[in-house]
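Novice: Below is one structure. I have some questions about it.
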Amino acid sequence: MGFFQKIKETFVGKSTKQNEKYVAGLDKSSASFSSKINALAARYREINDEYFDELENILIMSDVGVNMVMKIVDEIRKYVLKISRILMRLMILSLIRCLSSMPMIHI
């Protein structure tokens with residue numbers, strides 16, 4: 001390594017080649033993580049405990065950290081519960097609307 005290259009690395013940081021190596025590694029990790037999440041979504045038609053177990057494993061294997069994984073999964077569980085309650089209310093309202101628009105049959 002030349003004198004000026006050493007000075008440049010002192011002020012700028014690691015060599016460009018080494019930075020490119022890190023970026024390539026991060027790109028590969030990102031692509032792998034994305035493909036695992038997409039595969040998870042494709043395998044499950046509904047979100048259940050098995051889905052969350054597999055999601056936890058994907059996150060842990062991606063070095064997210066156990067505490068962060070638990071926070072992420074808890075937040076997603078809360079969100080799914082909230083959405084399912086909203087959908088249930090919409091289904092009930094739709095049913096009521098359909099029933100109220102039906103003509104009454106008198107016997």
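Quick note: the coordinates plus some simple rules give every number you see, no bench work behind them. Fair warning: this is a prediction, and the values are worked out from it, not measured in the lab. Here Cβ is always computed from backbone atoms with ideal geometry, including for glycine, and neighbour counts include all displayed protein chains.
Novice: Fully extended, how many nm does the chain gain between VAL80 and ILE96 (0.36 nm per residue separation, minus their Cα-Cα distance)?
Specialist: Taking 0.36 nm per residue and subtracting the Cα distance, the gain is 3.3 nm.
Novice: So, one more: For a quick protection proxy, order the peptides 53-66, 31-44 by their average other-Cβ count within 10 Å, most packed first.
Specialist: For the peptides 53-66, 31-44, the packing ranking is 53-66, 31-44.
Novice: Now for a separate question. Please give, to one decimal in nm, the separation of the simple spin-label points placed at ARG45 and VAL73, each 7 Å out from Cα toward the Cβ.
Specialist: 2.5
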